[in-house]
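What follows is a single structure, written as structure tokens, with notes after it.
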Amino acid sequence: METYKEQMQRDMVLRNLSTKTQSLYHRAARDLESHFNRPPDQLNEDNVKTFLHAIVTDRKLSQSSLKIAYSALRFLYETTLGKGWVIDRIPYPKTTRTIPQVLSKGEIQRIFDSTVTLKQRAMLMVAYSAGLRASETARLKITDIDSSRMLIRVEQGKGNKDRHTLLSQVALETLREYWKQYRPKDWLFPKDTDPLEHVPVATIQTAFKRAKRRANLRKPASCHTLRHSFATHLLEAGVDLHTIQVLLGHSSIRTTTVYLHVSNKSLAKIVSPLDLDPPGKARKKTKRS
């Protein structure tokens, strides 16, 4: 007879969830079982509430970790165990929308200039110029670079979706220099110790952190900030929101609209109420002495 873990694994494969999502869901189920020292099918609604509450109060995990745990347990009880009632009355964690941090073009250039190796420079340059996640940058293959159409193919990005995004001319020139020096064969950015594997995501993130530190940038920014900056700079350059949505691979336009809040272009069009004429009256001109 299958264990609940085996059943859950089968259900996640049938749902075509990504490998990363499967790993996170398994971890949440294991944590729930470990918390009560009992398998999930022997737990009730109050137990699940207690566990989720402990994530926030005792373990002090982030809001995103709470949402992942909630989604994992909903999948476990609804899909695998057929006991949706266990979690039906537990509310989904409220979403707090934050404005993403964005670097200026000058700050991004300082980061490129502060990389230690050509490989690090190429990775960060491609990530910014194409609006890629670090995981997408790591999994790029040489065949994904289409210099004739100036496009980059992103295979099985977040949500298991393929898409095309921009290939920068400047990034292409850097990639050509990089290829001459490193001669990658399959993965565009192979692992240093094993060319048959792609570079770990953590390696790209660490390269960004070190370059940021060497550039003496004090802004709170991560490798993902390059993706936010890509979207914001395109918006400020006049690219429409739907096109940016496609380039980023967002399923919903609502996700992309967050960049309206950080674009200088959109803010520059707004006139302060102090500068508006009072209704029905013309602005009085200051007399010159």
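A few points about this structure:
- Of the beta bridges in the chain, as assigned by DSSP with both residues counted there, near 100 percent are antiparallel.
- Summarised as an ellipsoid, the range 105-267 has semi-axes of 25, 19, 14 Å, derived from the eigenvalues of the Cα gyration tensor scaled by 5 and square-rooted, with the largest first.
- Taking a ≥ b ≥ c as the square roots of the eigenvalues of the Cα gyration tensor, the range 4-88 is oblate, since a/c reaches 1.5 or more and a/b is not larger than b/c.
- Of the residues 37, 47, 16, the one that moves most in a GNM of the chain with alpha-carbon contacts below 10 Å is 37.
- Ordering 128, 77, 70 from the fewest to the most neighbouring beta carbons within 10 Å gives 70, 77, 128.
- The magnitude of the dipole of the range 145-212, with charges of +1 and -1 set on the Cβ of Lys/Arg and Asp/Glu and taken from the Cα centre, is near 240 debye.
- The chain: C-alpha gyration tensor shape, a/c 1.5 cut-off, then a/b vs b/c: oblate
- Mean separation of Cα contacts under 8 Å, 6 or more apart, over the residue count of the range 105-267: relative contact order %: 27 percent
- Helix 169-182 vs. the chain, principal-axis angle (Cα, 0 to 90°, nearest 10): 60 degrees
- For residue 197, distant residues with modelled amide H under 5 Å away: 191
- Gyration tensor (alpha-carbon) shape descriptor, the range 182-248, a/c threshold 1.5: oblate
- The stretch between residue 258 and residue 53, if pulled fully straight at 0.36 nm per residue, gains 70.9 nm over its current Cα-Cα span.
- Neighbour-count ranking [beta-carbon atoms within 10 angstrom, fewest first] of 12, 125, 150, 1: 1, 150, 12, 125
- Where only DSSP H runs of four or more residues are counted, the chain gives -14500 deg cm²/dmol as its mean residue ellipticity at 222 nm, each run worth -39500 (n - 2.57).
- Cross-link table 67/185; 20/191; 105/185; 5/141, entries beyond 28 Å C-alpha to C-alpha: 67/185; 105/185; 5/141
- One decimal place: the segment residue 185-residue 170 gains 3.2 nm when fully extended, by the rule 0.36 nm per residue minus the C-alpha distance.
- Computed about its Cα centre, the charge dipole of the range 105-267 is approximately 500 debye, with only Lys, Arg, Asp and Glu carrying charge at their Cβ.
- Think of the chain as having a plus end and a minus end, set by charges on the Cβ of Lys, Arg, Asp and Glu; of 84, 24, 228, 228 sits farthest toward the positive end of this dipole.
Values in this text are rule-based calculations from the coordinates and carry no lab data. On a predicted model such as this, the values are computed, not experimentally measured, just so you know. When we count neighbours, we look across all protein chains shown, and the Cβ atoms used for this are built from the backbone with ideal geometry, even at glycine.
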